[in-house]
Amino acid sequence: MQTKYLLLLLLPFTVASCMKDTVKESYSFFRPVYQTKDQVKAGIKNAPSVEIEKPGKIILKDHYLFLNDVDKGVHIIDIADPANPKKISFISIPGCVDMAINGNYLYADCYTDLVTIDIANPLQVTVKQFLNGVFPHRYYGAFFADTGLVIQKWIRVDTTISYPYSSGSRNYFFERTGLFTLSSRGGFSASSFSGTASVAIAGSTARFGLQQNRMYTVSHDDLKVFNIAKADAPAYVNKVDLIQGNIETIFPYKNNLFIGAQGGMSIYSASNPDQPSLLGQFTHVRSCDPVVADDTHAYVTLSGGSFCGGFSNQLDIVDIKNLFSPKLLKTYPLKSPKGLSKDGNTLLICDGTDGLKLFNVADPSNVTHIKTVSGFDPHDVIAIQGYAIAVASDGIFLIDYRQPINAEIIGKIEVKKN
Amino acid sequence: MKNIFIAAICFLSTHLQAQTGKIKKMTSYLMPQIALIDGSSGTSTQIQLAGGLVKNNWHFGLGAGIDYYEMRSVPLFTDVRYHFGKEQKVFTYANVGYNFSWVQDTRDPRFILPPSSNAVKQTDGLYTDIGIGYTIKIGKRNSLLMSTGFSVKQMGEEYHPLPFSSWVWPSSTPWISSESTTVRKFDYTFKRVCFKVAYRLW
């Protein structure tokens, strides 16, 4: 009798295989919406100011701030009164992530193309020229841009699906051993903005740089040279393969080009403007490293722990008196430094969630911290004559640092909340 | 759900404790048990400890254990049993509770972009087990209980992609844009047959 009961208890195991483990998976995917290039070109024009969605690169020209909205275009912001900045116009440029300003002309990438726009009247801009296919490195994941179509936007699609579970198809790894293995399966109001830039000034994360009637652009591993002697009609000149890959930024200074890459900083001479040549190189651990320079030193921020790779978060000051052999002078630890800007003896560094830090670099071997303007997470900054414009994902911040020790946010332009 | 369950357990525990002194006929039970679990994903094991109070043919208690089936978890459950007849050899039981994830490794090996780890969060879920069994008396107070049952374990995972927001190489392409990253959720339902052997200490 007892044995019979015990055998009955094992019966359910015969139907165990009939039961199926299941998974309900919820996820979102993105569906591209395409446009022809002609449609894209026709769309480049002035539009009323719109909300800023994803702030990117910045350029200051006169009292206008040109702010890239990633892949959408360029906002024109009047910061004559920094406590009350005003968006005055938006130039729709699909696929735009980098730009430069030469006099009255804005050069911007439009996916794989370079577009030249007359911005003499920011409220009435006109397209002057298109250079097709000069930026073939621009890509969209698995989609390549040289098909004649470009992706105008992405539509998010939320999905839930159910399917039988199996160990092999599981996305994530975790241990699955048992006791034993049986089977394995601001307050300040400025009346006027003194910090205007008659010559356009770009942020340190710029990938377009102007020098000697040339525009230099960097892709992931090369430098492109454009002749802009005829400002309204740039001409593609040359491509220079760079000594390092993973190029991030370019900072033209005097006759040299300081190129920031994930593996270090390279200095190229533009004595021959159409064929820049390598002078020297400073290598460091892998990280993101915008760079600015003056006559004697280069200031490089290393930011690790993100897509950049590496884990270093610091300011490296590099002695560049000998351009052929740049030498590390000193390193200062930081939290998560990104873009930076130097104005006289004041160095401003976007340092992650700490905010914007101001340093006195009169003596580069003894840099002293002056002040941290906190409350935001900036990624790039332009500093000029006591005013700074810092870009963060949640806004554009205007900071008065005419007295560095009393530096404070005096104005802000909101960014659309997601 | 988790909070309701914990509150229920606390209430039951307090209630039973309060009752202990009042009802003289009530005795207690405590039994460790080991289980063999079989489902479409394979065979695994489970260890548990259940205990509580006995009144007439009813057992009311709480239990906890470690469930190694696919995703290691710690089930915390109520244990209700009814032993049939005078001899109380044949019994039926029901466990209802909550599975707390106890997964060791949360790295996602598919992604090699630095840093290589992406946040994976395991989520807890329902735990149920119902079945029937047979008791073999051993000595005066002890007994061996063998049972078979049907158990459902629900757990989940949330995959939080590492923000790939590049302030150097900005893009609105979804897989690069941090604003576009989405949480990917997996809700697993594991249906198993389990065979348990328990030793009733008292």
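Every number here is computed from the coordinates shown, using simple stated rules; none is lab data. Everything quoted here is computed from the prediction, not taken from an experiment. Cβ sites come from the backbone with ideal geometry, for glycine too, and all protein chains shown count toward neighbours.
The local environment of A:LEU398, defined by Cβ-Cβ distances under 15 Å, has a net charge of -4 under the rule Lys, Arg +1 and Asp, Glu -1.
Determine the shape class of the range A:339-418: with a ≥ b ≥ c the square roots of the Cα gyration tensor eigenvalues, call it rounded for a/c under 1.5, and otherwise prolate if a/b is greater than b/c, oblate otherwise. All intermediate terms of the calculation are to be shown ahead of the outcome.
On the way: a/c = 2.21, a/b = 1.81, b/c = 1.22.
Prolate, because a/c is 1.5 or more and a/b exceeds b/c.
Between the amide H of A:HIS297 and those of A:ILE320, distances stay under 5 Å, these residues lying 5 or more places away or on another chain, with hydrogens modeled in the peptide plane. Scalar couplings 3J(HN,Hα) for the range B:142-152, obtained by applying the Karplus form with A = 6.51, B = -1.76, C = 1.60 to θ = phi - 60°, are 8, 7, 10, 10, 10, 8, 10, x, 10, 10, 10 Hz; x denotes Gly and Pro. Neighbour counts of other Cβ atoms within 10 Å put A:CYS18, B:CYS194, A:CYS350 in the fewest-to-most order A:CYS18, B:CYS194, A:CYS350.
Let me make sure I get this right: for chain A, a, b and c are the square roots of the gyration tensor eigenvalues over alpha carbons, sorted descending. Under 1.5 in a/c it's rounded, otherwise prolate if a/b > b/c, else oblate. Which is it? It is prolate, given that a/c is not under 1.5 and a/b is the larger ratio. When shorter helices are ignored and each DSSP H run of at least 4 residues is given -39500 (n - 2.57), the per-residue value for chain A at 222 nm works out to -1000 deg cm²/dmol. For the range A:398-412, the Karplus equation 6.51 cos²θ - 1.76 cosθ + 1.60, evaluated at θ = phi - 60°, returns couplings of 10, 10, 9, 10, 4, 10, x, 5, 10, 4, 7, 6, 10, x, 8 Hz by residue, with Gly and Pro reported as x. Residues A:PHE251, A:PHE208, A:PHE29 in ascending order of nearby Cβ atoms (within 10 Å, fewest first): A:PHE29, A:PHE251, A:PHE208.
Under a 5 Å amide H cut-off, with hydrogens placed 1.01 Å from N, A:GLN129 pairs with A:THR116 among residues at least 5 apart or on other chains.
Computed from backbone phi, the HN-Hα couplings of the range B:43-55 come to 10, 8, 10, 8, 10, 9, 9, 10, x, x, 10, 10, 9 Hz, rounded to whole numbers (Karplus: 6.51 cos²θ - 1.76 cosθ + 1.60, θ = phi - 60°; Gly and Pro given as x). Less than 5 angstrom separates the built amide H of A:LEU329 from those of A:ILE317, A:VAL318, A:ASP319, all sequence-distant by 5 or more or on a different chain.
Net charge of the neighbourhood of A:THR353, taken over other residues with C-beta under 9 Å away and scored Lys/Arg +1, Asp/Glu -1, is -2.
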